[in-house]
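Any read-out appearing in this document is the output of simple, stated calculations on the displayed coordinates, not a laboratory observation. Since the structure is predicted, the reported quantities are computational estimates derived from the model, not experimental observations. When we count neighbours, we look across all protein chains shown, and the Cβ atoms used for this are built from the backbone with ideal geometry, even at glycine.
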Amino acid sequence: MIRRTTFAALLLVCLASAVFAFQKGKSEDDKLRMVHGSVTDAQDNPVVGAVGASGYVAPGHKRAGTFLDQVHRTVGTNDKLVVLFGSRNDASVPADQLTPAVHTTLAKAKQMAPNAKFLVISPIWPDAHPSGGILQARDILRAEAAAIGATFVDPIAEAWFWDRPDLIGADGKHPTNDGHVYMADRIAPVMAQLL
């Protein structure tokens, strides 16, 4: 999922998995404001291009596009920060397909935003027992993030949700609205440091 907003003179491009998508009671713009409000008090004008169920390989709902498709539509040469978050939607993708997809996506984003800093965030997991596919995706993301000099955040290793079942929705996967605030509180300081 990609979000684009301006912070005064700053252009921010955020790509994320469906982890931010469609929680009851909050629009995509509201969720972006949660993260944005955690980073800065500047006036925002968010424009959201979301593809639920997307990933580096996963094509999203109605095959609307992978992260690479979203990079092509959203990343620009003046961007200061590119954030890629997720995706648990790639958990079943074999490593020999996921690795080149992540590599290509990060390389294209770097080419399109050559002066930007990069933040890559691995998928979240709601408990202390992440699947082998999630761990594989996390490890591939870590290696590819290092290859482009990106900052890497690992919500699995940091156990973001493991002791907070109240922040995960009834589907057992997606954060509640409070869960989105919780994530924003963890992501915003890293973003602010990079900016």
Inter-label distance, nm, simple model (7 Å from Cα along the C-beta direction), residue 97/residue 128: 3.3
Neighbourhood net charge (10 Å Cβ-Cβ; Lys/Arg +1, Asp/Glu -1) for residue 195: +2
Inter-site label distance for residue 185 and residue 115 at 7 Å from Cα along Cβ, in nm: 3.6
Hz values of 3J(HN,Hα) by residue in segment 157-173 - Karplus curve (6.51, -1.76, 1.60), Gly and Pro given as x: 5, 7, 6, 3, 10, 4, 10, 10, x, 5, 9, 10, x, 4, 6, x, 10
Vicinal HN-Hα couplings computed from phi for segment 146-153 (Karplus, 6.51 cos²θ - 1.76 cosθ + 1.60; Hz; Gly/Pro x): 4, 5, 9, x, 7, 6, 10, 10
Pair residue 73, residue 104: separation of 7 Å Cα→Cβ label points (nm): 1.8
Calculated over segment 96-157: convex hull of Cα atoms, volume per residue (Å³): 74
Karplus 3J(HN,Hα) series, Hz, for segment 183-193 with 6.51 cos²θ - 1.76 cosθ + 1.60 (x for Gly, Pro): 5, 4, 5, 8, 7, 4, x, 5, 4, 4, 5
Sorted by Cβ density within 10 Å, fewest first, the residues 174, 72: 72, 174
Distant-in-sequence amide H partners of residue 125 (H built 1.01 Å from N, under 5 Å): 161
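Could you tell me the calculated FRET efficiency between residue 148 and residue 173, based on Cβ-Cβ distance and R0 = 25 angstrom, to the nearest 0.05? Spell out each step's value before the answer.
Details: r = 28 Å, r/R0 = 1.13.
Approximately 0.30, to the nearest 0.05.
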Residue 83 long-range amide H proximity, modeled H, under 5 Å: 13, 14, 15, 119
